[in-house]
1. Restricting the range 220-240 to residues that are polar (S, T, N, Q) and in a helix (DSSP H, G or I), which is surrounded by the fewest Cβ atoms within 10 Å (Cβ to Cβ)?
2. Taking Ala15 and the conditions (1) out of contact with any helix residue (DSSP H, G or I) (no Cβ under 8 Å at 6 or more places or on another chain); (2) assigned by TED's automatic domain parsing to the domain that holds Arg151, which numbered condition does it fall short on, given that it satisfies the others?
3. Kindly list the number of the only condition in (1) farther than 19 Å from Trp220 by Cα; (2) crowded, with 17+ Cβ neighbours inside 10 Å that fails for Arg132.
4. In contact with a strand residue (DSSP E or B) (Cβ under 7 Å, 6 or more places away or on another chain) and surrounded by fewer than 15 Cβ atoms within 10 Å (Cβ to Cβ): which single residue out of Leu143, Leu97, Leu164 fits that description?
5. Based on this model, can you work out whether Phe94 counts as at negative phi, modelled with pLDDT of 95 or more, of a type outside the set (Gly, Ala, Ser) and touching a Gly at 6+ places or on another chain (Cβ under 7 Å)?
6. Based on this model, can you work out whether Gln39 counts as more than 18 Å from Thr93 (Cβ to Cβ), touching a Phe, Trp or Tyr at 6+ places or on another chain (Cβ under 8 Å) and at pLDDT 95 or above?
7. For residues that are small (Gly, Ala, Ser) and touching a Leu at 6+ places or on another chain (Cβ under 7 Å), tally how many sit in the range 88-146.
Amino acid sequence: MNPNLHYSRSPLTEAVIDVRVALPDTITLETLAQIQAGQEDNYPTRKNAISVQGQLSFDPDVPPATGSRTHMGYRFVSQDERQVIQARRDGFTFSRLAPYESWESFRAEGQRWWLRYREFTQPKTIQRVAVRYINRLDLPLPLNDFKDYLRTVPEVSPDMSQELDGYFMQLRLPQPDLKAMLLLNEALIPPPPAPPTVSVLLDIDLFREVEPPQTEAELWNFFELLRQRKNQIFEACITEVMRELIR
């Protein structure tokens with residue numbers, strides 16, 4: 001299993017770098033808006049980043065459900081709408097939508113914006129770092145067995161019907177050597193219009209909350225480690241038949 005394979009028909013739909021931080025109390029929404037200054041030619045669109053929280057209550061004297069919306073910061077969207085920066089009160093996120101070119105270009109643009117965020121906000125501490133890679137695997141029909149393409153799948157008892165109309169599976173797998181956690185989500189999702197396929201979401205979310213890196217060198221060295229582990233996990237989840245489909 002080679003963790004550094006390149007696929008010409010990459011199933012990647014979105015790549016994410018995320019850094020959660022604690023900011024000084026003096027940082028305002030106006031401060032976060034200023035991060036876009038001078039970048040409008042390539043990132044012309046600014047949208048509010050809103051956090052929505054809900055609460056359920058079983059007390060007959062209060063409404064059964066309540067919610068709140070908090071303006072956390074801003075989203076800066078690139079001209080082609082394929083790259084999105086989130087500058088928030090609780091952290092920074094850089095997202096790249098398909099087509100994904102390379103880790104090197106993705107990292108370079110993410111680091112460039114992170115340095116702007118760090119310069120404007122002067123975070124007190126980094127609290128969490130993560131990479132997330134969301135893939136859509138299109139399996140051709142007729143599909144006899146998911147195991148022909150995937151090595152990590154739900155197991156249905158042989159005493160039950162084997163017809164599967166949908167599933168959602170989530171695994172939390174500690175990565176002790178990285179002091180990190182893998183959150184692996186897999187599910188059936190709507191397929192593209194053509195050709196006829198079954199589409200599977202493979203969502204690889206690697207994050208560290210225990211003693212996260214604090215310096216620039218430590219942070220980006222650790223992102224390299226997360227990227228390498230992400231590649232290993234992706235390859236561990238698919239079969240050689242799946243590799244042939246995306247080569």
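1. Going through the range 220-240, the residues polar (S, T, N, Q) turn out to be 221, 228, 231-232, 239.
Filter once more, keeping what is in a helix (DSSP H, G or I): 221, 228, 231-232.
Working: Asn221: 11, Gln228: 14, Asn231: 18, Gln232: 14.
By that ranking, first place goes to Asn221.
2. Only one criterion is unmet by Ala15, namely (1).
3. (1)
4. Working: Leu97 fails: surrounded by fewer than 15 Cβ atoms within 10 Å (Cβ to Cβ); Leu164 fails: in contact with a strand residue (DSSP E or B) (Cβ under 7 Å, 6 or more places away or on another chain).
Only one candidate passes the filter, namely Leu143.
5. Working: at negative phi: yes; modelled with pLDDT of 95 or more: yes; of a type outside the set (Gly, Ala, Ser): yes; touching a Gly at 6+ places or on another chain (Cβ under 7 Å): yes.
Criteria met by Phe94.
6. Values: more than 18 Å from Thr93 (Cβ to Cβ): no; touching a Phe, Trp or Tyr at 6+ places or on another chain (Cβ under 8 Å): yes; at pLDDT 95 or above: yes.
Considered against the rule, which asks whether it is more than 18 Å from Thr93 (Cβ to Cβ), touching a Phe, Trp or Tyr at 6+ places or on another chain (Cβ under 8 Å) and at pLDDT 95 or above, Gln39 comes out as no.
7. Within the range 88-146, the first condition is being small (Gly, Ala, Ser), and the residues that meet it are 91, 95, 98, 102, 105, 108, 110, 130.
Those still in the list that are touching a Leu at 6+ places or on another chain (Cβ under 7 Å) too: 98, 130.
Looking only at that region, the number is 2.
Here's the yes/no breakdown for (1) of a type outside the set (D, E, K, R); (2) part of a helix (DSSP H, G or I); (3) free of Cβ contacts under 8 Å to residues at least 24 places away in the same chain:
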residue: Ala87; (1), (2), (3): yes, no, no
residue: Phe106; (1), (2), (3): yes, yes, no
residue: Trp113; (1), (2), (3): yes, yes, no
residue: Arg116; (1), (2), (3): no, yes, no
residue: Val131; (1), (2), (3): yes, no, no
residue: Asn144; (1), (2), (3): yes, no, yes
residue: Pro158; (1), (2), (3): yes, no, yes
residue: Glu163; (1), (2), (3): no, no, yes
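The values are calculated or read from the model by the stated rules, or taken from the named source; none is laboratory data. Everything numeric here is computed off the predicted structure, so don't read it as measured data. Neighbour counts are summed over all protein chains in view; Cβ atoms, including those assigned to glycine, are modelled from backbone coordinates with ideal geometry.
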